[in-house]
Amino acid sequence: MHKLAVADIISNIQSEIPFEAVSDDYSFKLKIDEYGPYMCGAVHDGHQFRSSLWDNCIHTEYERWYEEDPCTHEMVKSHPIVITGCDSRFEYDLNRPPDTAIFDTAWGKDLWRNPLSVDEKNLSLSKHNAFYEVVHALVQQLEKIHGKLIVFDMHSYNWRRWDREVPTWNLGTENIDNGRYANIVDSWSGKLGQMKLPGDIPQSSDINDVFQGNGHFLKYITNQFDNTLVLATEISKVYCDELSGIIYPEVVRSVGEHLKDLIPLQVKEFQVSNL
């Protein structure tokens, strides 16, 4: 994997050069094996947290991990185009707009012992802005090539914090054109609900149950591009122990193998549809 400046990453995209790179500040990574009609994103996969923030942060490493989406990159890494956030959402949240991307409080608890300096905030926002410069260039180029595009926006959520039964998979669709894409959404939900995972893990899929798809990644792409469908796809953290932080690699691997088959099937349906 090469280290590239954002300008060079965008230049490669506009020249349709396959490549794999990490940004020169190591804040995100992008793999493009071929310029196909879909891409996967894992904006909350990152756990990096720069050292200048350590002593000022009240939250523990475990508390940060608990609210991140570990392994979401691992689940989609086999696909031709994958963009992944490397930094923790506690540094800046790629799924929030710039004006709210830096937390003061997080999940009911103050995040910082002392307010962040302007320089610290600006450094975080520069990473946020660079990521979206690349997202914009990438989606623009893929729409130019294919006419339309589908984006799988991968997330996970903590099922233990709910006091009711929640689905294994949740699709958030409140901010997409449901009149246009309802059949694709229903089809994708159906595929996810039929997935068989190791052990006795129950399988179910629902739409707008625990989350409604209000993330900035989805909203940004949807608002900027007329022919790109973003599917905010959340898996409950059945692939790990939320309380201990232990990952179940056999479950992560199984999810990845299923998605290796199911995502291309969904892309094919999208491509042949008259949307």
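The values are calculated or read from the model by the stated rules, or taken from the named source; none is laboratory data. Not measured: the values here are computed from a predicted model. Reconstructed Cβ throughout: ideal geometry from the backbone, glycine too, with neighbour counts over all protein chains shown.
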Scanning region 209-249 residue by residue, those of a type outside the set (D, E), exposed (fewer than 15 other Cβ atoms within 10 Å of the Cβ) and within 16 Å of N178 (Cα to Cα) turn out to be N214, N223, N227
Of the listed residues (D241, D209), the one being farther than 30 Å from E133 by Cα and either hydrophobic (A, V, I, L, M, F, W, C) or touching a strand residue (DSSP E or B) at 6+ places or on another chain (Cβ under 6 Å) (or both) is D209
Apart from one, (1) touching a residue at least 40 places away in the same chain (Cβ under 8 Å); (2) under 30 Å from V238 (Cα atoms) all hold for E61; the odd one out is (1)
Scanning region 93-113 for residues that are in contact with a strand residue (DSSP E or B) (Cβ under 9 Å, 6 or more places away or on another chain), aromatic (F, W, Y) and under 17 Å from E68 (Cβ atoms) gives F103
Counting only residues in region 132-146 that are β-branched (V, I, T) and surrounded by 17 or more Cβ atoms within 10 Å (Cβ to Cβ), the one farthest from L94 (Cα to Cα) is identified as V139
For W169, the lone unmet condition from (1) touching a strand residue (DSSP E or B) at 6+ places or on another chain (Cβ under 7 Å); (2) over 30 Å from G245 (Cβ atoms) is (2)
Only one of G85, G46 is buried (at least 20 other Cβ atoms within 10 Å of the Cβ), more than 23 Å from L142 (Cα to Cα), out of contact with any Pro (no Cβ under 8 Å at 6 or more places or on another chain) and not hydroxyl-bearing (S, T, Y), namely G46
Pairs returned, first residue in region 207-224 that is under 16 Å from L94 (Cβ atoms), second residue that is among the hydrophobic types (A, V, I, L, M, F, W, C) and assigned to a helix (DSSP H, G or I), beta-carbon separation under 8 angstrom, 6 or more apart or interchain, are F217/V135; Y220/V135; I221/V135; I221/V139; Q224/V139
Note: among T60, T100, just one is under 22 Å from S156 (Cβ atoms) and in contact with a His (Cβ under 9 Å, 6 or more places away or on another chain), namely T100
Note on H128: of the conditions (1) under 19 Å from V22 (Cα atoms); (2) touching a residue at least 60 places away in the same chain (Cβ under 8 Å), unmet is (2)
Note: among T100, T105, just one is closer than 22 Å to N223 by Cα, without any contact (Cβ under 8 Å) to a residue 12 or more places away in the chain and of a type outside the set (A, V, I, L, M, F, W, C), namely T100
With the first residue restricted to region 135-148 and required to be closer than 14 Å to L229 by Cα, and the second required to be modelled with pLDDT under 95, Cβ contacts under 7 Å at 6 or more apart or on different chains are K148/L275
Of the listed residues (L265, L275, L218, L231), the one being in a loop (DSSP other than H, G, I, E, B) and closer than 16 Å to W188 by Cβ is L275
- Query: In region 203-210, is there at least one residue being under 28 Å from H136 (Cα atoms) and out of contact with any helix residue (DSSP H, G or I) (no Cβ under 9 Å at 6 or more places or on another chain)?
  - Reply: yes
Among (1) touching a strand residue (DSSP E or B) at 6+ places or on another chain (Cβ under 9 Å); (2) loosely packed, with under 14 Cβ neighbours inside 10 Å; (3) basic (K, R), K127 falls short only on (2)
